[in-house]
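> Dropping the structure in here first, questions after.
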Amino acid sequence: MATPDLETKQSLSEILRSYTQKITLKMFFLGFSAGLPLLLVLGTLGFWLREAGIDRSTIGFLSWIGLIYGFKWLWAPLVDRLTIPFLSNWLGRRKAWLLMAQILVMIGLVGMSFSDPSQQVQAVAMFAILVAFGSATQDIALDAFRIESADTKMQGVLAAAYQTGYRIAMIWAGAGVLWIAARAQNTSSNLYDHHGWQIAYLCMAASMLIGVITVLFSKEKPYQPKEEKHTMRSWIRQAFLEPFIDFLKRYKWHAVLILSLIAVYRISDVVMGIMANPFYVDMGYTKDEIASVSKIFGVIMTLVGAFIGGALTVRFGIYRILMLGAILSAASNLLFAWLATRGHDLTGLIFVISADNLSSGIASAAFIAYLSSLTNVSYSATQYALFSSMMLLVPKWLAGFSGVFVDNFGYSHFFTSTAIIGLPVLVLVWFVGQQNLINENPSPKESQAENSASSQS
């Protein structure tokens with residue numbers, strides 16, 4: 001089991017000071033831009049679709065739109081290597097891709113806002129695909145930008161700042177959308193009205209300007225391309241194959257164990273999350289109730305969870321917090337199973353959402369720090385895209401059947417099952433720790449590739 005070196009632990013004042021650096025604040029705003037689209041094509045969209053009368057099975061299958069995030073490694077090498085005419089010369093390689101992706105997200109959200117799922121569910125799905133593609137592309141560029149912006153000792157703090165912004169955006173894209181839709185609708189709160197949702201999604205498109213402004217005012221390290229032969233064969237090898245070959249060379253057979261952990265670490269949260277909003281609708285919670293609970297208690301607990309996760313990762317190392325996050329992620333789903341037996345219980349909802357967001361913040365901060373430590377900075381965008389894609393591929397595919405499961409067995413059994421499928425994650429975290437595959441305290445003078453290689457010797 002890998003354990004942190006006591007002599008390299010940072011003091012509390014040093015940890016707090018790292019949270020106020022400019023790059024940390026910029027990562028907070030970029031995290032907001034990254035977190036905004038996800039719920040708008042998955043969780044919140046599920047609430048909208050259910051209220052519009054779309055059946056749960058269809059909602060579950062439409063969640064496969066999220067599989068776009070699981071295949072972003074296919075075009076990650078293009079983002080990693082190619083420049084965008086004019087934009088790259090003006091902004092820089094990473095920033096140009098970030099800006100283009102953010103524009104695609106905004107166009108898709110505007111298109112969704114003008115499509116009524118009760119009559120145009122296919123149009124909603126097509127624009128949602130555009131949002132997901134733009135969002136996934138933004139993730140690729142942003143992950144590389146974050147990893148290249150600071151040394152490995154800062155990655156835990158940057159991950160926490162990123163997750164804080166990301167989670168606030170998810171609350172805004174969840175509670176904020178519901179609050180706006182409830183106020184903008186022309187009918188009773190118990191009836192469906194497309195106008196309210198249209199205004200809400202237009203507001204979300206405008207909110208993406210936060211990320212656009214941050215990109216425009218951020219600095220990027222100059223790109224220094226390697227000397228290489230400009231042939232199609234060599235370009236394909238350098239852009240598509242070398243990042244994966246590098247990872248396999250560094251970790252050898254251990255790569256299977258690492259990739260297995262990545263593939264299932266967030267499975268409990270992802271599978272459960274697809275049916276959360278349809279669950280709220282079916283339990284009789286109003287948009288105002290969900291918005292109020294998520295905005296007040298959810299935001300507070302998410303901020304606390306992300307901060308705790310980042311600080312604990314720096315203080316006690318990645319391994320311990322990875323294990324803690326895995327335990328909390330599975331356990332919090334059991335609370336939803338309990339809530340399903342309570343009917344319309346607002347107090348119970350407050351407690352469950354608070355606990356769930358706290359758990360998610362802790363787990364995400366530790367997991368992102370772990371993924372960042374695995375990458376070689378020479379291929380940061382492609383390798384991180386591979387890891388983050390695998391994190392979603394299996395859970396998103398399985399989540400597509402969630403509506404069918406709920407229709408046949410009910411919500412309580414569904415939430416319990418999502419907790420049970422998280423148990424193998426604990427075993428995998430333990431095995432990874434036993435094999436010393438978690439690099440707790442890399443030296444800032446060493447490259448990540450060297451650190452990973454040394455852990456194998």
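The values are calculated or read from the model by the stated rules, or taken from the named source; none is laboratory data. Nothing here was measured: the structure is a model prediction, and the numbers come from that model. Heads up, the Cβs are rebuilt from the backbone with ideal geometry, glycines too, and the neighbour counts pull from every protein chain shown.
> G174: of a type outside the set (S, T, N, Q), at pLDDT 80 or above and within 19 Å of Y384 (Cβ to Cβ), yes or no?
No, not satisfied.
> Residue by residue through the range 40-55, note down the ones that are closer than 13 Å to M112 by Cα and assigned to a helix (DSSP H, G or I).
L40, V41, T44, L45, W48, L49
Here is a yes/no grid of residues against (1) closer than 30 Å to K249 by Cβ; (2) outside any loop (DSSP other than H, G, I, E, B); (3) modelled with pLDDT of 90 or more:
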{"residue": "M323", "(1), (2), (3)": "yes, yes, no"}
{"residue": "I327", "(1), (2), (3)": "no, yes, yes"}
{"residue": "G348", "(1), (2), (3)": "no, yes, yes"}
{"residue": "S360", "(1), (2), (3)": "no, yes, no"}
{"residue": "S372", "(1), (2), (3)": "yes, yes, no"}
{"residue": "V394", "(1), (2), (3)": "yes, yes, no"}
{"residue": "F405", "(1), (2), (3)": "no, yes, yes"}
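> If you don't mind, another one. Check off (1) assigned to a helix (DSSP H, G or I); (2) surrounded by fewer than 22 Cβ atoms within 10 Å (Cβ to Cβ) for T313 and give me the number that stays unchecked.
If we test T313 against (1) assigned to a helix (DSSP H, G or I); (2) surrounded by fewer than 22 Cβ atoms within 10 Å (Cβ to Cβ), just (2) comes out false.
> Looking at the range 80-94, which of its residues are modelled with pLDDT of 85 or more and crowded, with 23+ Cβ neighbours inside 10 Å?
R94
> Sticking with this structure for a sec: What pairs come out if I take residues in the range 397-416 that are over 17 Å from S332 (Cβ atoms) and pair them with residues that are acidic (D, E) and not in a helix (DSSP H, G or I) whose C-beta lies under 9 Å away, six or more apart or interchain?
The qualifying pairs are G403/D55; D407/D55.
> While we're looking at this one, here's another question. Just to verify a result, which residue in the range 340-372, among those that are without any contact (Cβ under 8 Å) to a residue 24 or more places away in the chain and under 21 Å from M170 (Cβ atoms), is farthest from the chain's Cα centre (by Cα)?
F351
> Out of the helices (runs of 4 or more DSSP H) lying entirely within the range 89-199, which hold 3 or more residues that are without any contact (Cβ under 8 Å) to a residue 60 or more places away in the chain?
Helices (runs of 4 or more DSSP H) meeting the threshold: 93-113, 117-148, 177-184.
> Ok, one more. Just the residues that are at pLDDT below 90, buried (at least 22 other Cβ atoms within 10 Å of the Cβ) and aromatic (F, W, Y), please, taken from the range 48-76.
Result: Y69, W73.
> With respect to M154, determine if the residue is more than 23 Å from F244 (Cα to Cα), at pLDDT below 85 and surrounded by fewer than 24 Cβ atoms within 10 Å (Cβ to Cβ).
Against the criterion (more than 23 Å from F244 (Cα to Cα), at pLDDT below 85 and surrounded by fewer than 24 Cβ atoms within 10 Å (Cβ to Cβ)), M154 qualifies.
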